[in-house]
1. The range 11-88: which GluC sites (Glu not before Pro) are DSSP loop and have at most 14 other beta-carbon atoms within 10 angstrom?
2. Looking at the range 94-124, which trypsin sites (Lys or Arg not before Pro) are DSSP coil and have at most 11 other C-beta atoms within 10 Å of their C-beta?
3. Note down the relative contact order for the chain as a percent, whole number, built from C-alpha pairs under 8 angstrom at least six residues apart.
4. Between Gly41 and residues 5 or more places away or on another chain, which pairs have amide H atoms under 5 Å apart, with H built 1.01 Å from N, and which residues are they?
5. Any idea what % of Cα-Cα pairs in the range 3-54 are farther than 14 Å?
6. If contacts are Cα pairs under 8 angstrom and at least 6 residues apart, what is the relative contact order of the range 70-148 in percent?
7. For helix 45-54, report the angle its Cα long axis makes with the longest principal axis of the Cα atoms of the chain; keep it between 0 and 90° and round to the nearest 10°.
8. For a label point 7 Å from the Cα of Ala141 along Cα→C-beta, name the residues of the range 80-111 whose backbone N is under 19 Å from it.
Amino acid sequence: MRLTYVRYEAEGWGIGELVFEGERLLHSELPRPRPAAAGPGGDHPLAGRLQAYFAGERVDFADVEVELGDETAFGRRLAEELRRIPYGEVVGYGELALLAGRVRAARAAGSFCARCALAPVLPVHRVVSVDGIGGFGSLGADYKRRLLALEGHAL
């Protein structure tokens, strides 16, 4: 199937990128400052929904079909549980693992969140460590704090 690439601009955040196969979201690159040449391009309804989300509107992404590729059964359960975390709320990595059916798998839950490239559709930013905010890849903890503040949750 053909891949579709879409770039969108989120005011105050930068340019985000989406990759679709049909209607399934394969990859979501969160908005960040980029060169002018990397401005918005392509068209997909999800881009408008993401712009609304980054403008502070309460947007639900539960209906967005995502591709989890060769993810394990546990990874798929983690993705399901991530979608159940309410807007503006957080859970710990251990709690996410427990919700997905594995009591002592906080590190595995953290690894899943770290490699997940589907945020904010899968709201990995809503998962925090027991001793603070936790990581957020190359975007860093400040970006994660900013996303949580957008949703009305301050850490």
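1. Numbers: sites: Glu11, Glu17, Glu21, Glu23, Glu29, Glu57, Glu65, Glu67, Glu71, Glu80, Glu81; in loops: Glu11, Glu23, Glu57, Glu65, Glu67, Glu71.
Sparse-neighbourhood loop GluC sites (Glu not before Pro): Glu11, Glu23, Glu57, Glu65, Glu67.
2. On the way: sites: Arg102, Arg104, Arg107, Arg115; in loops: Arg102, Arg104.
Answer by residue number: Arg104.
3. On the way: 240 pairs, mean separation 28.8, N = 155.
The normalised contact order for the chain reaches 19 percent.
4. For Gly41, the qualifying residues are Arg7, Tyr8.
5. Working: 568 of 1326 pairs.
Above the 14 Å cut-off, the range 3-54 has 43 percent of its Cα pairs.
6. Working: 87 pairs, mean separation 22.3, N = 79.
It rounds to 28 percent for the range 70-148.
7. 70
8. 90-95, 107, 110-111
Any read-out appearing in this document is the output of simple, stated calculations on the displayed coordinates, not a laboratory observation. Computed from a predicted structure; not experimentally measured. Glycine also receives a Cβ, built like all others from the backbone with ideal geometry; neighbour counts cover every protein chain displayed.
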